[in-house]
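First the structure, in the form of structure tokens, and then the observations on it.
The values are calculated or read from the model by the stated rules, or taken from the named source; none is laboratory data. The structure presented is a predicted model; accordingly, all values stated were derived computationally and were not measured. Positions of Cβ are backbone-derived with ideal geometry, glycine not excepted, and every protein chain shown enters the neighbour counts. Keep in mind that these areas ignore ligands, DNA and RNA; they rest on the heavy atoms of the full protein, side chains included. Shrake-Rupley method; radii C 1.70, N 1.55, O 1.52, S 1.80 Å.
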Amino acid sequence: MSIELLNQDWDAVIIGTGMGGGTIGRALAEGGMRVLFIEKGPAGYRSERQALHGEVFTPQARHLRGFWPVPMRAKVDGRASTFFAPIGAGVGGSSAFYAATLERPERHDIDAHPHANWPIKFDDLQPWYERAESIFHVCGAPDPLSPEPQPELREAPTLDPSDAILMEEMRARGLHPYRLHSAIKYVKGGHGCLGSKCPKICKMDGRSGGVEPALATGNAALLDNAEVVTMESDRTRITHLKIRRDGVEHELSAKRVILAGGALGSARLLLASKPEGLANSSGLVGRNLMFHLNEMFALWPKNRVQGDGASKEISLRDLYHQKGNRFGTVQSMGIGAGYGEILHYLRLMISRSALARVPLINDLARIPAAIAVKVLGNAKVFVGLLEDFGYSENRVTFDTKHPEALCIEYTLAPELKARRKAFRRAIKHSFRGHRKMFLSMQPELNFGHPCGTLRFGIDPKTSVLDPNCKAHDLSNLWVVDSSFMPTSFGVNPSLTIAASAMRVGHHLLEEARI
């Protein structure tokens, strides 16, 4: 039955089932369009709980678990490394494993950003932010520093006692913490799925909030374990897709093609497609790659109260935009300062450093991890998400010798390094009086938050997509993942991805009615 799907007539073919693909697929299917989802990875079992981590090394085992199966090949500041990035490749994409943080950016991020021109305004996205917050069941509390109308968020359960004490201590220091905005249904036995697949549908993601409701309409179907190898065009529109499944290649034509393979995967596919580099008259496909920089630190409450050290409930924006510096949010990470978590992050840092070549280094990492557990004790782990700006030299590339690999080249700009130092100083100052310790020494790129590789804009010479996220060069190609973003903001990108996908879906439905 799966291969027979390729012989049917579809109104839209969606490549990828993450936050963008799942969301637009639901919108189109509920609007009456016939939609086919194509997913590189497996559908998996709905009851499985699986965390995304880098300790599964074989491609077959990673594929079965819904992880991107091959290592990323990265050259960062001129140093080459190979490692498994925190990227999903199954139904739900990376969102199946995300920590369900759905935060809005601020108005100045879109309407008055000094480093990026948005072809739309904050008010163009605001109703779609509201719609996304509703269907993804976003819980939390308003940001007390925001001048915007307060979103209608669902109320979250009572704070963990240790978090409640910590928030009181922050307010006493003049800070403005609030309940983190999370896409969580607090069902009985749920809420333990942050950072892993959710078997109880308590976490709303591209799978539970997008693909599954789309399939329930009867207007959508899913082809899993199917990789779109390349797309071919007649230079005005995409004519057909070449798809590989179980080692056999197939062809599929479609009225509309919607790319939602993530900022790395979508750019890679366009670069691999024919004629060489689809939608690339601007030469910008894959360029302007951005990540966040993670500033991880441990924070000890002054008053020791028994609680869940792994809770993810606090966010604050006191440092978001400070003294002319664009920093970002500070939020609890949802991980405890336990041995397993510390060892995992130590090994992750080692894999991206020159130490990766040292024999037995992963085993030796157990020693500092054990020491760190003793030192950290009941600390809460926080992260500052530092905004990244787009530079054309930071890019996704396509390596013909490693066609399945996600390949990037990235240089940390001098201004980014300077802002990072200023951000760390601001964190130290804001939490003075608390015992704290930075856990990241060198700049840590957040490889789970790539964006910007197919930025949208008005001018085809300086952008890949138009304001409705349609490719300037092709009449039937749209992109609904984080590729379109001209800036990374200082917040998690997931809500903006979902809101943009809904906006594009609405446009496509309106266009189809003309």
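Could you do me a favour and compute the accessible area per residue for the range 124-178, 1.4 Å probe, result in Å²? Don't skip to the answer; put the middle values down first.
On the way: 2690 Å² over 55 residues.
Here the residues of the range 124-178 average 49 Å² of exposed surface.
For the range 18-173, the fraction of 1.4 Å probe accessible surface lying on carbon and sulfur atoms is 53 percent. Among the listed values (1) 35, 25, 23; (2) 34, 32, 24; (3) 71, 32, 19, the one matching semi-axes √(5λ) of the Cα gyration tensor in Å as calculated from this structure is (1). Taking a straight line from the alpha carbon of residue 417, these lysines sit under 29 Å away, with near neighbours fewer than eight places off in the same chain left out: 75, 312, 323, 380, 428, 436.
Here each label is just a point 7 Å from Cα along the line to Cβ, and for residue 64 and residue 244 those points are 2.1 nm apart.
Here is the result for the range 388-489: no chymotrypsin sites (Phe, Trp or Tyr not before Pro) lie in DSSP coil with at most 12 other C-beta atoms within 10 angstrom of their C-beta. Label-to-label distance, residue 253 versus residue 201, with points set 7 angstrom from Cα along the beta-carbon direction: 3.8 nm. Judged by the mean number of other Cβ atoms found within 10 Å, the most tightly packed of the peptides 290-299, 156-165 leads the ranking 290-299, 156-165.
Helix 19-30 versus the longest principal axis of the chain: what angle, 0 to 90°, nearest 10, using Cα atoms? For helix 19-30, the angle is close to 50 degrees.
Assuming 0.36 nm per residue, please report the length gained on full extension of the stretch residue 393 to residue 7 beyond their Cα-Cα distance. Walk me through the numbers before you get to the answer.
Values: separation 386, 0.36 × 386 = 138.96 nm, distance 4.12 nm.
Roughly 134.8 nm would be gained on extension.
The charge dipole of the range 156-300, taken about its Cα centre with unit charges on the Cβ atoms of Lys, Arg (+1), Asp and Glu (-1) only, comes to about 300 debye. What's the FRET efficiency of residue 173 with residue 124 using the Cβ-Cβ distance as r and R₀ = 56 Å, to the nearest 0.05? Efficiency for this residue pair is about 0.90. By the Cβ-Cβ criterion of under 4.7 Å, the unpaired cysteines of the chain are 139, 202, 407, 451, 469.
Could you tell me which trypsin sites (Lys or Arg not before Pro) in the range 3-68 are loop residues by DSSP with no more than 14 other beta carbons within 10 angstrom of their beta carbon? Write down the numbers at each step before the final one.
On the way: sites: 26, 34, 40, 46, 49, 62, 65; in loops: 34, 40, 46, 49.
For trypsin sites (Lys or Arg not before Pro) across the range 3-68 that sit outside H, G, I, E and B with at most 14 neighbouring Cβ atoms in 10 Å, the list reads 46, 49.
If you count only protein heavy atoms with a 1.4 Å probe, what accessible area per residue comes out for the range 429-514, rounded to a whole Å²? Before the final figure, lay out the partial values.
On the way: 2870 Å² over 86 residues.
Per residue, the range 429-514 has an accessible area of 33 Å².
Our estimate of slack between residue 511 and residue 150, defined as 0.36 nm per intervening residue step minus the Cα-Cα distance, is 126.8 nm.
For the pair residue 46 and residue 80, the difference between a 0.36 nm per residue extended length and the Cα-Cα distance amounts to 8.5 nm. Mind checking the angle between helix 366-376 and the chain's longest principal axis? C-alpha axes, 0 to 90 degrees, to the nearest 10. The angle comes out at about 60 degrees.
Carbon-plus-sulfur accessible fraction, the range 403-514 (probe radius 1.4 Å, protein heavy atoms only): 55%.
In the chain, the longest principal axis of the Cα atoms and the axis of helix 161-172 are about 80 degrees apart. Each label was represented as a point 7 Å from its Cα along the Cα-to-Cβ direction; for residue 55 and residue 237 these points are 5.1 nm apart.
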